[in-house]
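To keep things clear, I will list the structure first and then write my remarks on it.
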Amino acid sequence: MNNDPAPVVQVDDVPHCGRCNVPGQMLARFPHLWKNQRGEEVTGLREAVLCSTCDAADPVAAQLLALLAANGQQHEENLPLFVELATAWTAEAARRNVNMLDLADEEERFWRGEL
């Protein structure tokens with residue numbers, strides 16, 4: 001039996017995209033597991049912001065963005081489609097890993113005062 005919390009999505013008061021700083025369209029919080037330096041498993045939550053700029057080329061995200069844009073205010077009859085698309089996008093976002101080269105580059109730019 002899996003006791004992980006289910007992903008949670010939010011479409012109101014979504015933060016700006018951390019990649020490009022435009023307003024986010026949806027926020028997803030989902031379980032995340034990693035190993036610390038001692039090799040012990042650590043559980044927590046990750047967040048992903050659906051961005052109309054950064055995620056537009058992703059087919060799963062594009063469908064969800066189109067649904068959100070078309071409806072503005074979500075309608076009850078679209079709820080099953082929204083749940084299906086939000087679940088697919090959240091699962092995809094949960095599989096993403098940090099690009100360690102990009103992270104190292106960003107850290108270096110931070111310490112040089114360029115960010």
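The values are calculated or read from the model by the stated rules, or taken from the named source; none is laboratory data. This one's a predicted model, so the numbers in the text were calculated from it and none came from an experiment. In this analysis, Cβ positions are derived from the backbone assuming ideal geometry, glycine residues included, and neighbour counts consider all displayed protein chains. When the accessible area is computed, the model is the full protein with side chains, heavy atoms only, and any ligands, DNA or RNA have been set aside. Shrake-Rupley method; radii C 1.70, N 1.55, O 1.52, S 1.80 Å.
A few comments on the model shown:
- Of all residues in segment 81-115, those being within 20 Å of residue 70 (Cβ to Cβ), touching a residue at least 12 places away in the same chain (Cβ under 8 Å) and not polar (S, T, N, Q) number 6.
- Subset of segment 11-37 (residues that are at pLDDT 90 or above and among the basic types (Lys, Arg)): 29
- Looking across segment 3-27 at every residue that is open to solvent by 40 Å² or more (accessible area, probe 1.4 Å) and touching a Leu at 6+ places or on another chain (Cβ under 8 Å), the one that is farthest from residue 84 (Cα to Cα) is identified as 15.
- Pick from segment 58-73, criterion of a type outside the set (A, V, I, L, M, F, W, C) and open to solvent by less than 70 Å² (accessible area, probe 1.4 Å), ranking: modelled with the lowest pLDDT: 72
- Consider segment 93-105 and keep the residues that are closer than 25 Å to residue 8 by Cα and of a type in the set (D, E, K, R). The one that is surrounded by the fewest Cβ atoms within 10 Å (Cβ to Cβ) is 95.
One line per residue, one yes/no per condition, for (1) open to solvent by 60 Å² or more (accessible area, probe 1.4 Å); (2) assigned to a helix (DSSP H, G or I); (3) among the aliphatic types (A, V, I, L, M):
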residue	(1), (2), (3)
29	yes, no, no
34	yes, no, no
38	yes, no, no
56	no, no, yes
91	no, yes, yes
107	yes, yes, no
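- Within segment 40-54, the set of residues being assigned to a strand (DSSP E or B) and either modelled with pLDDT of 90 or more or not polar (S, T, N, Q) (or both) comprises 41, 42, 44, 45, 46, 47, 48, 49, 50.
- Some residue of segment 40-48 being under 23 Å from residue 13 (Cβ atoms) and in contact (Cβ under 8 Å) with a residue 60 or more places away in the chain: no
- Of all the residues in segment 24-33, those that are under 15 Å from residue 61 (Cα atoms) and of a type outside the set (A, V, I, L, M) number 2.
- Selection from segment 40-51 of residues that are open to solvent by 60 Å² or more (accessible area, probe 1.4 Å) and more than 22 Å from residue 6 (Cβ to Cβ): 40
- Any hit, segment 87-109, residues being of a type in the set (Lys, Arg) and in contact with a strand residue (DSSP E or B) (Cβ under 8 Å, 6 or more places away or on another chain): yes
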